[in-house]
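Some notes on the structure that comes next.
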Amino acid sequence: MKAVVMNKVGGTEVMEFVERPDPAAAPGHVLVEIAAAGVNFMDIGVRQGMAWREIPNPKVLGVEGVGRVLTVGEGVNDLGAGDRVAWVYAPGSYAKYHSIPATSLVKVPDAIDDRTAASVMMQGLTASHFATDFYPVQPGDTALIHAAAGGVGLLLTQIIRLRGGRVIGRVSSDDKIAIAKEAGAEHVIVDTEGRFADEVLRLTDGRGVDVVYDGSGPATFKGSLEALRRSGTFCWYGPVLGGPGPLDIMSLPKSIKIGYATFFDHIHTPELLRVRTHQLFRWIEDGSLKVSIGGTYPLADAARAHADMESRVTTGKLLLIP
């Protein structure tokens, strides 16, 4: 089968489109023919050596996707050949075929196409975790969302609106304003230098926002602190762009609460994975949640997809098609 591997830690030049042996369904696993694989900042982090260090190179990149079951391994009783399935974390998803633990899979409703399903798994579950578990948004709350035109930002905006909240979005260029507003952002700030806090305070009559969702790296950390109300919540994510450095907890202002949010805490059992995913699917089916696909690439062009994502010029979800 064809797959995309990284040969060593580095830039996109370490990625290679190669021939690999076809996998078989191991016990407890399902062999899936992949229809679409999601591209995530997590994949870039792996390529840069931030994760999967224990897995020897060359290794197949990618964790997320959708496909159709070909065969099932011993002990699998709830899935069968022909079922359409999606997953959020199965290392090695940049490939034509993959043997995936059955407990990592969810069935995809007939009404949802492959590309939509592949686009909502990691980013949709991440956004759901941020707005329901990490900080349960209440009617009337105001949130500041960084990278509001990105895959997570667009879904998070919609989920916050579904919960009765308001959104101030921050984007990096004027051409991203429209898509952020279409998702439901009430105000959109264009900023590339971390100078957004004064505008956020103006828009909130000096009060500040109830919650900040910041995956934009160290450049925005100080401004996010300043944009919060007293006892507001700071949701930090996105390790690929780096952290803020050591923090003196006694120097944090305004009695704020700060934490690092990971979506695995939202779906730490197979049962929760299915519950949370089915909620996303229901929202898509009834039109409450719209998924924006910003680009599709042949699997052979995975390196170009990585480069485009790293450039921060893309919007919505990026997909690879085997």
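The values are calculated or read from the model by the stated rules, or taken from the named source; none is laboratory data. Model, not experiment: these values are computed from the prediction. Here the Cβ is made from the backbone with ideal geometry for all residues, glycine too, and neighbour counts use every protein chain on show. Side chains are part of the model used for accessible areas, which takes the heavy atoms of the whole protein and leaves out ligands, DNA and RNA. Shrake-Rupley method; radii C 1.70, N 1.55, O 1.52, S 1.80 Å.
For the chain, the equivalent ellipsoid derived from the alpha-carbon gyration tensor has semi-axes of 34, 21, 18 Å in decreasing order.
Given the Cα-Cα distance of Asp133 and Leu162 and 0.36 nm per residue of separation, how much length would full extension add, in nm?
Values: separation 29, 0.36 × 29 = 10.44 nm, distance 1.48 nm.
Extending this stretch completely gives an extra 9.0 nm.
Cut-off under 17 Å on the C-alpha distance; same-chain residues fewer than 8 positions from Lys2 excluded. Which lysines are left, in chain and number order? Filter leaves Lys59, Lys96. Charge tally for Thr192 (other residues, Cβ to Cβ under 10 Å; Lys, Arg +1; Asp, Glu -1): +1.
In whole Å, what is the distance between the alpha-carbon centres of segment 267-322 and segment 224-247? Taking the Cα centre of each part, segment 267-322 and segment 224-247 sit 24 Å apart.
Which number do you get for Rg(Cα) / (2.2 N^0.38 Å) in segment 1-148?
Values: Rg = 16.9 Å, N = 148, 2.2 N^0.38 = 14.7 Å.
Ratio of Cα Rg to 2.2 N^0.38 Å: 1.15.
Based on alpha carbons, the Rg and Dmax found for segment 59-138 are 14.0, 45 Å.
Using a probe of 1.4 Å on the protein chains alone, the accessible area found for Val152 is around 20 Å². Once the convex hull of all Cα atoms in segment 165-322 is built, its volume per residue stands at 155 Å³. Computed extension length for Met50-Glu271: 76.7 nm, one decimal, from 0.36 nm per residue of separation with the Cα-Cα distance subtracted. What you get for segment 1-41, charging only the Cβ of Lys and Arg (+1) and of Asp and Glu (-1), is a dipole of about 100 debye around the Cα centre. For the pair Glu19 and Arg68, the difference between a 0.36 nm per residue extended length and the Cα-Cα distance amounts to 15.6 nm.
Diagonalising the gyration tensor over the Cα atoms of segment 104-230 and scaling each eigenvalue by 5 before taking the square root yields semi-axes of 26, 16, 13 Å, largest first.
Need one word for segment 204-283: rounded, prolate or oblate. Basis is the Cα gyration tensor (sqrt eigenvalues a ≥ b ≥ c); a/c below 1.5 gives rounded, then a/b vs b/c decides. Prolate, since a/c reaches 1.5 and a/b exceeds b/c.
Are there GluC sites (Glu not before Pro) in segment 31-127 that DSSP puts in a loop and that have at most 13 other Cβ atoms within 10 Å, and which ones?
Details: sites: Glu33, Glu54, Glu64, Glu74; in loops: Glu54, Glu64, Glu74.
Sparse-neighbourhood loop GluC sites (Glu not before Pro): Glu54, Glu74.
Taking amide H atoms as placed 1.01 Å from N in the peptide plane, the amide H of Gly294 lies under 5 Å from those of Lys317, Leu318, each 5 or more residues away in sequence or on another chain. Couplings 3J(HN,Hα) for segment 50-65, derived from phi with the Karplus relation 6.51 cos²θ - 1.76 cosθ + 1.60 (θ = phi - 60°), are 7, 8, 6, 5, 6, 8, x, 8, x, 10, 7, 7, x, 10, 10, x Hz, where x marks Gly and Pro.
Placing dummy labels 7 Å off each Cα toward the beta-carbon, the span from Tyr260 to Arg282 is 3.3 nm. Size of segment 124-170: Rg and Dmax of its alpha carbons, in Å, are 9.2, 24. Restricting the calculation to Cα atoms, segment 61-103 shows an Rg/Rh of 0.93 when the hydrodynamic-style radius is the Kirkwood one.
Listed by number, the DSSP H helices of the chain that run 15 Å or longer by alpha-carbon position along their axis and have mean Kyte hydropathy of at least -0.5 are 114-129, 151-162, 270-285.
Note on the chain: with a GNM built from Cα contacts shorter than 10 Å, the maximum mean-square fluctuation among Val32, Val76, Val200 falls on Val76. The Cα-based radius of gyration of segment 170-230, divided by its Kirkwood radius, gives an Rg/Rh of 0.94.
Of all beta bridges DSSP finds with both residues in the chain, what is the antiparallel percent, to the nearest 5? Bridges in the chain are about 55 percent antiparallel. The H on the amide N of Asp113, modeled in the peptide plane, is under 5 Å from the matching H of no residue at least 5 residues off or on a different chain.
Here the accessible area of the chain is 52 percent carbon and sulfur, with a 1.4 angstrom probe and all protein chains present. For segment 3-46, the equivalent ellipsoid built from the Cα gyration tensor has semi-axes of 24, 14, 10 Å, listed from largest to smallest.
Over the chain, calculate the relative contact order: mean separation of alpha carbon pairs under 8 Å at least 6 apart, over the residue count, as a percent. Could the numbers behind the result be given before it?
Working: 717 pairs, mean separation 58.2, N = 322.
Computed value for the chain: 18 percent relative contact order.
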